1. Which residues, taken from region B:57-84, are without any contact (Cβ under 8 Å) to a residue 12 or more places away in the chain and touching a helix residue (DSSP H, G or I) at 6+ places or on another chain (Cβ under 6 Å)?
2. Could you check, for region B:124-135, whether at least one of its residues is out of contact with any His (no Cβ under 6 Å at 6 or more places or on another chain), open to solvent by less than 20 Å² (accessible area, probe 1.4 Å) and assigned by TED's automatic domain parsing to the domain that holds B:Ala371?
3. Among the listed residues A:Thr231, A:Thr240, identify the single one that is touching a Ser or Thr at 6+ places or on another chain (Cβ under 6 Å) and of a type in the set (Val, Ile, Thr).
4. Select from region B:361-370 the residues that are crowded, with 23+ Cβ neighbours inside 10 Å and touching a Ser or Thr at 6+ places or on another chain (Cβ under 6 Å) and write down the one among them that is farthest from the other protein chains (Cβ to nearest Cβ).
5. Filter region B:371-382 for residues that are under 13 Å from the mean Cα position of the chain (by Cα) and more than 13 Å from chain A (Cβ to nearest Cβ); which is farthest from B:Gly238 (Cα to Cα)?
6. Mind listing just one residue for me: the one in region B:268-309 that is open to solvent by less than 30 Å² (accessible area, probe 1.4 Å) and of a type in the set (Phe, Trp, Tyr) and, of those, farthest from the other protein chains (Cβ to nearest Cβ)?
7. Under the condition of being among the β-branched types (Val, Ile, Thr) and within 23 Å of the chain's Cα centre (by Cα), which residue from region B:211-236 is farthest from the other protein chains (Cβ to nearest Cβ)?
8. Name the one entry in A:Gly252, A:Gly234, A:Gly216 that is modelled with pLDDT of 95 or more, in contact with a helix residue (DSSP H, G or I) (Cβ under 7 Å, 6 or more places away or on another chain) and either in the same structural domain as A:Phe45 (by TED's automatic domain parsing) or assigned to a strand (DSSP E or B) (or both).
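The values are calculated or read from the model by the stated rules, or taken from the named source; none is laboratory data. As the structure is a prediction and not an experimental result, all values here were calculated from the model. For neighbour counting, all protein chains shown are included, and Cβ atoms are generated from backbone atoms with ideal geometry for every residue, glycine included. SASA here: full protein model, heavy atoms, side chains in, ligands and nucleic acids out. Shrake-Rupley method; radii C 1.70, N 1.55, O 1.52, S 1.80 Å.
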There are 2 protein chains.
Amino acid sequence: MMKNISSLSILNLKNTMNIKANNPALKSWIEVAENSDFPIQNLPFGIFSLGEETARVGVAIGTKIVDLKALFELGYLNDLSFELADFDAAVLNPMLLQGKEAMRDLRNRISDLLNVENQELQGNSDAIESVLIDAENADMHLPVYIGDYTDFYSSEQHAYNVGCLFRDPDNALMPNWKHIPVGYHGRSSSIIVSGEPIHRPKGQKKPNPEEPPVFGQSNLLDFELEMGFVTFQGKPLGDTISTEEADDFIFGMCLFNDWSARDIQGWEYVPLGPFLGKNFASHMGAWIVTLDALEPFRVAGPVQNPKVLPYLEYKGDKHVAINLEVAIQPENTEETVVANSNYKYMYWNMNQQLAHHTINGCNINCGDLMASGTISGPKEGQFGSMLEISWKGSKSVAMKDGTERKFINDHDTVIMRGYAQNDKTRIGFGEVTAKILPVK
Amino acid sequence: MMKNISSLSILNLKNTMNIKANNPALKSWIEVAENSDFPIQNLPFGIFSLGEETARVGVAIGTKIVDLKALFELGYLNDLSFELADFDAAVLNPMLLQGKEAMRDLRNRISDLLNVENQELQGNSDAIESVLIDAENADMHLPVYIGDYTDFYSSEQHAYNVGCLFRDPDNALMPNWKHIPVGYHGRSSSIIVSGEPIHRPKGQKKPNPEEPPVFGQSNLLDFELEMGFVTFQGKPLGDTISTEEADDFIFGMCLFNDWSARDIQGWEYVPLGPFLGKNFASHMGAWIVTLDALEPFRVAGPVQNPKVLPYLEYKGDKHVAINLEVAIQPENTEETVVANSNYKYMYWNMNQQLAHHTINGCNINCGDLMASGTISGPKEGQFGSMLEISWKGSKSVAMKDGTERKFINDHDTVIMRGYAQNDKTRIGFGEVTAKILPVK
């Protein structure tokens, strides 16, 4: 896609320039390790609790969490548009209802308070004690109430790999794939936060094409390496959001593991799409990194050929370079990294996904989650699912403990990590981890 | 399916016998016309408002709405497990969190208060004035907050018709169709209540197979005649609900129009299912008829051959006979009925749908909506979509005003109605109506 700075809207340029919290020169009075995911330039939002206390809004920096409820109660967040209930909430939704500009102001204000050159909070040791939490002592919760969850299928390499595995390499991409950011509705009730173990699902499958279907546990349990984005409140039903407007409706991004039971999925999904092969659980990261914090990592996307229809055209760099990795950790032993990918490999970007999703008038709500689909890079070692890594079970991956994997075993923990990095700053997402327990 | 009364669980029999509000001999002191959808044996729940007042819970009887908030405030609903906030709510969800038994007790109590042999409310004209609303003066609202919406595909004739139209008659049903109650996740944000007009959607479609896709308004706008059911709070993630348990997790049913833009759907839906062809809007009925009120209309379902897997087996009569009709009303003229169908034509029943949906551990929440899929009967005239009625646009339906339809025109209003009836009682659902406005 061409880079066309001159045609960027003046509003967008101005908005981006206003993100003073992104300044790579900023340093915090809170110690942050050099390889931390959470420097002062990041300031991702999440929901945490301590012991029996109620869950509330926090911001991560280094190994600490800033308690926004406490910060508000101490008067540090005056002159913003928020009220106590926005931070004393078990989900980010009330806060997010304030919209893009308000959230940008909030992040800038928190950045000021944590800046080594600012004494307001730094100089008040009593306040610091009630505001700063050790992250290792906190329980993290699902950060948003997700009204609707949509999963796209926007990585060309992934779609190509799946096409090769289930159809043929000469005809791997469906005819609509380069015209439409293909997506489908998923289940929001079963999206849970990183760290919660899940049981291997059971269901109906048809392992032998010549025999009737059988009931039993999934034997082809797989992860899908994805990124999700969380929306602000959209427009009313019947209205559309253009690619140009889309940034204003996207709050931030998170890691996302879209678990898939390939044997259940394979038998059920024609003609109406994935259902029980997916909806037993998906794991999302506890920290939502703002789209603002990711602005320095924008990159050009691939040339889209054939040319997309006008409602899918976009201006400027709308892809984001985010390094991604997946590791499998068998029980009581060290992990093995099985995939290194990058969010920049997406064919369709978030702006195109959101414009497509609303072109028919479909409304989006504050806290909706839209996931990328499996993100696979062009080379071996960059594939984002065991289906692709094991090439449909035809080859094994060696674990450091001497065992092998084609899919995920009971008691395995799958760990996903992601971070954007340039020569000045590293903006990370933490981890999404989940352990697989035996079938219930 | 065999009728096997002896194997019905004792609990279920006892529960059903306890539904004293179903007694066909009951008469109300409120006048109810003989052909009313809402006799004292029905008592469906909905959300209404009057003028500028806040929306709250009501129960329909004849042409009246009983204001449950007012009834509670006057002390008529003491000795039940509800509190004021359950009725002074803009959705039914808080009330439904009390569960099946509590809702049964509530309906029985309302039945008592409306019974001609009971003087408690009948004898208090001041109370009557604040409790009884003329339905024609009320605005009806979406009755539940829908966390997740699932659409099944459970009518054999519909699946067969679609298979004939898009594949071939000898191979019309997909191999999985008689083994799985096929379903997919839909969009909950765009489900709206009967009466709200919608705009014709626009989007990407491929009218000419030899040409690239184009952008424009949908020219193949269609209704789908469906019934939905609303759930109580389910079990935690990882647990399953059996066909035997399913009744205890189903609150009630409503009419449902699952609008479909066939041209958008046809181009987008392979391989991940319907998306923008559906999610521009769906209309649900304003009144939820309790599953209890429908117990007298249970009927045996079709013999399921091949035999289903054990987790999909069920005991007793779990289908429901509900007469359904669809009419099209061109602007400023009378309507023409274009379909007469019946919910009893379903191949898969609600118990099987819910057992299937949860067999992998997927959790359901209070207020989730599950729809049947288009309900088509075996004969012409009983098909539940214009796709089938016009046989993919190959024939027209004559309207009483002299015009013809293959699909839905701008300014048409589509009206769906449904009622269960035996020689003693008629339990109706009211109407789902929606007018199509031109593309926005």
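1. none
2. No, there is no match, as no residue in region B:124-135 is out of contact with any His (no Cβ under 6 Å at 6 or more places or on another chain), open to solvent by less than 20 Å² (accessible area, probe 1.4 Å) and assigned by TED's automatic domain parsing to the domain that holds B:Ala371.
3. Result: A:Thr240 is the single residue among A:Thr231, A:Thr240 that is touching a Ser or Thr at 6+ places or on another chain (Cβ under 6 Å) and of a type in the set (Val, Ile, Thr).
4. Top of the filtered list is B:Met370.
5. Result: B:Ile375.
6. Here the residue is B:Phe297.
7. B:Val230
8. A:Gly252
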